[in-house]
Ligand code: 5GP
Ligand code: ZN
């Protein structure tokens with residue numbers, strides 16, 4: 001999927017509305033349109049990268065920023081206790097449907113293991 005057709009790039013540019021939770025220069029978090037838990041937040045880098053499989057060593061800082069942002073958002077959204085789940089789906093077998101790398105932040109209910 002090209003950047004021009006990407007839903008999450010359009011959200012990042014403000015071309016599609018979304019309920020934004022948090023943003024900085026590199027990343028943006030917004031509510032999932034089809035929540036799978038009482039709290040379901042999507043966290044993306046502004047830069048279009050299709051999957052985690054396509055990241056490289058040069059993306060180390062960006063990937064670190066994403067995880068640190070996920071932790072801070074979870075804390076700010078009062079998910080730290082009792083806990084929450086971070087998910088990155090990769091490719092069709094991993095359940096990825098939007099090909100712009102993103103972290104799901106899920107909370108507000110007990111999570112099961114293994115995931116489906
Ligand atoms: P994936 O299946 O790729 O890991 O996750 C994509 C997520 O994006 C899904 O949970 C889906 O509900 C969410 N999503 C898809 N389109 C939109 C949209 O237009 N707006 C928002 N806020 N979320 C979306
Ligand atoms: Zn994109």
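The values are calculated or read from the model by the stated rules, or taken from the named source; none is laboratory data. For clarity, every value in this text was computed on a predicted model and none was experimentally measured. Heads up, the Cβs are rebuilt from the backbone with ideal geometry, glycines too, and the neighbour counts pull from every protein chain shown.
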*Which condition number in (1) in contact with a helix residue (DSSP H, G or I) (Cβ under 9 Å, 6 or more places away or on another chain); (2) surrounded by 15 or more Cβ atoms within 10 Å (Cβ to Cβ) is the one that residue 47 fails?*
(2)
*For the range 2-54, which residues satisfy the criterion of being within 11 Å of ligand 1 (Cβ to nearest atom), in a loop (DSSP other than H, G, I, E, B) and under 22 Å from residue 94 (Cβ atoms)?*
6, 32, 33, 34, 35, 36, 37, 50, 51
*Which residue, of 7, 16, is touching a helix residue (DSSP H, G or I) at 6+ places or on another chain (Cβ under 6 Å) and within 13 Å of ligand 2 (Cβ to nearest atom)?*
16
*Specify which of the listed residues (85, 75) is outside any loop (DSSP other than H, G, I, E, B), away from ligand 1 (no atom under 15 Å from the Cβ) and within 28 Å of residue 109 (Cβ to Cβ).*
75
*For residues that are touching a residue at least 24 places away in the same chain (Cβ under 8 Å) and loosely packed, with under 15 Cβ neighbours inside 10 Å, scanning just the range 19-39, find the one that is nearest to ligand 2 (Cβ to nearest atom).*
26
*Just one of 83, 58, 64 is surrounded by fewer than 17 Cβ atoms within 10 Å (Cβ to Cβ), on the phi > 0 side of the Ramachandran plot and either modelled with pLDDT of 95 or more or touching a strand residue (DSSP E or B) at 6+ places or on another chain (Cβ under 6 Å) (or both); which is it?*
83
*Just a yes or no: is a residue in the range 95-103 surrounded by fewer than 17 Cβ atoms within 10 Å (Cβ to Cβ), within 12 Å of ligand 2 (Cβ to nearest atom) and under 25 Å from residue 114 (Cβ atoms)?*
yes
